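Only the coordinates and a few stated rules stand behind these numbers; no lab work does. Just so it is clear, the model here is predicted, and its values are computed rather than measured. Here the Cβ positions follow ideal geometry from the backbone for every residue, glycine too, while neighbour counts run over all protein chains shown.
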Amino acid sequence: MKNDVTIVGGGPAGMLMGLLLAKENIKVVVLEKNNSLKRDFRGETIAPGSVYILKMLGVYQELEKHGFIKVNKIKMYDQEKNLFNVDFNRFNHPQKYGIDMPQPVVLEAIKRQAMKYPSFQYINGANCTDLIKENGKVVGVQYKHEGEIKKIHSQLVIGAEGRFSQLRSLAEYDVKKEEFSRDLIWFKVPKPLNWEEGNLIKVYKNDHVIILPTYPNYLRVGTYISLGDNANTKSKGLDSFIEKVSRIEPRLLTPMKDHITSWKDTTLLKIFTAHVDKWAKDGIILIGDSAHTLSPILGQGVNIAMQDAYELTPYVVKGLSAYQNSPIPASHFDEFVSKRKQQISFVSSFQARQEQNLAASSPVECAIRKWKMKMLDRTPFKYTVMKKLQYGIVANNKVEV
Ligand SMILES: Cc1cc2nc3c(=O)[nH]c(=O)nc-3n(C[C@H](O)[C@H](O)[C@H](O)COP(=O)(O)OP(=O)(O)OC[C@H]3O[C@@H](n4cnc5c(N)ncnc54)[C@H](O)[C@@H]3O)c2cc1C
């Protein structure tokens, strides 16, 4: 098989990339190792900037038919004391909210839209196992599908296979991985009555919870434990865990008692960040989590992954025609990589500062956190910083699809 571009991974980055290239009449195939798009407990919140892109591509209209939760607020409290607020209605941008809905529905809607273009192909159950190289340049991939090894040749391979990317090692990328000093336990409970929509962060001394309203009628709750403390947390029993969480947010006590009845109702997430220095090599480029795995703070992973795809599209179009029938050289993507790295460095340093705030443990550190958050809340730059974070490349509305 031969085509222009092969995308490995049908997540938010890969699937959107497929649609954007198909719209440009580029012969593109998306290989997805799973047979279905079902996935558990992953990026369910899409920031307003990417919702705006989905709207312009006609995907949002499909999502509306399914239904979602509009996310238009972020609030932070120290117990009942309000420290920090962001109201998305105050952003000077036509898109006033992010959305929360199951990721498979979003991926399915993007795929359906892409299928309208004859140059788009999607193969599921296709596990990419190797790269095909000629003279040190990537010219295609090898994948396992229905028990057979198959090959595709193309001018460009786009690696979009997420945080455990295999192409990263197959193409010998240098990866800088950093483990966080804490692990995260997630669970889902039905939303109590009269719960205000919006993302909520609650801190209490050296503990905190992150609470995200989740479609259709749930709350996704995350709380940190010390690194490697999972066995110890479990040995203290579920009641002690429920007590720890509901001490920070008492309204979670009843739903947790009713619905978190075993540790199987919780998920442990190892948090790490991974950054690849040079995203492109001759014939291959990485995007999304495979190029930059971020921390889950303020749910930016899907946003950044989709915006990588959006911003990469014109470079791929130009590269394919400039280097006809040969692999697109790494240098062609220098400008793209440099632009994206600026945005990602902004997001990851913002996340690192918030992580430091949340990790406050001594009474002095907790008091400094309170002061810092209140100052940040009052600064006139608050909406400028939050807009850059929530909207990324579409912050200035200057975008066409
Ligand atoms: C618990 C949790 C909660 C999160 N919550 C949020 C949130 O609310 N908002 C947010 O923005 N982000 C969130 N994130 C992060 C977000 O899920 C990711 O940043 C985002 O999905 C990255 O998109 P991607 O397309 O780069 O990779 P992925 O979504 O990981 O997609 C990669 C795809 O590649 C496929 N694949 C892997 N290997 C191969 C192979 N060899 N061959 C073929 N296919 C392959 C995988 O099956 C997968 O479908 C969360 C992450 C976690 C872990």
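Of the DSSP beta bridges with both residues in the chain, give the percent that are antiparallel, rounding to the nearest 5. Display every interim value, and only then the final one.
Working: 58 of 81 bridges.
In the chain, approximately 70 percent of DSSP beta bridges are antiparallel ones.
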Sequence order, the range 359-375: Karplus ³J(HN,Hα) from phi using 6.51 cos²θ - 1.76 cosθ + 1.60, θ = phi - 60°, Hz rounded, Gly and Pro as x, gives 7, 3, 10, 6, x, 5, 4, 5, 5, 5, 4, 4, 5, 4, 5, 5, 5
Pairwise FRET efficiency - residue 231 versus residue 321, Cβ, R0 = 51 Å, nearest 0.05:
0.35
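Once you have the Kirkwood Rh of the range 66-126 from its Cα pairs, apply Stokes-Einstein at 25 °C and 0.890 mPa s and quote D in µm²/s. Intermediate results must be reported in sequence, preceding the final value.
Working: Rh = 15.1 Å.
Diffusion coefficient, whole number: 163 µm²/s.
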Distant-in-sequence amide H partners of residue 207 (H built 1.01 Å from N, under 5 Å)
none
GNM on the chain, C-alpha springs below 10 Å: top fluctuator among 303, 124, 232?
232
log10 of Debye I(q)/I(0), alpha-carbon scatterers only, for the chain at 0.10, 0.11, 0.12 Å⁻¹:
-0.69, -0.82, -0.97
³J(HN,Hα) across the range 182-193 via Karplus (A = 6.51, B = -1.76, C = 1.60, θ = phi - 60°), whole Hz, x for Gly/Pro?
9, 9, 10, 10, 10, 8, 10, 9, x, 6, x, 4
Counting sequence-distant residues (5 or more places) and residues on other chains, those with an amide H built under 5 Å from that of residue 122 are 30
Through the Karplus equation 6.51 cos²θ - 1.76 cosθ + 1.60, θ set to phi - 60°, convert the phi angles of the range 115-124 into ³J(HN,Hα) values in whole Hz; use x for Gly and Pro.
4, 5, 9, x, 7, 9, 9, 10, 10, 9
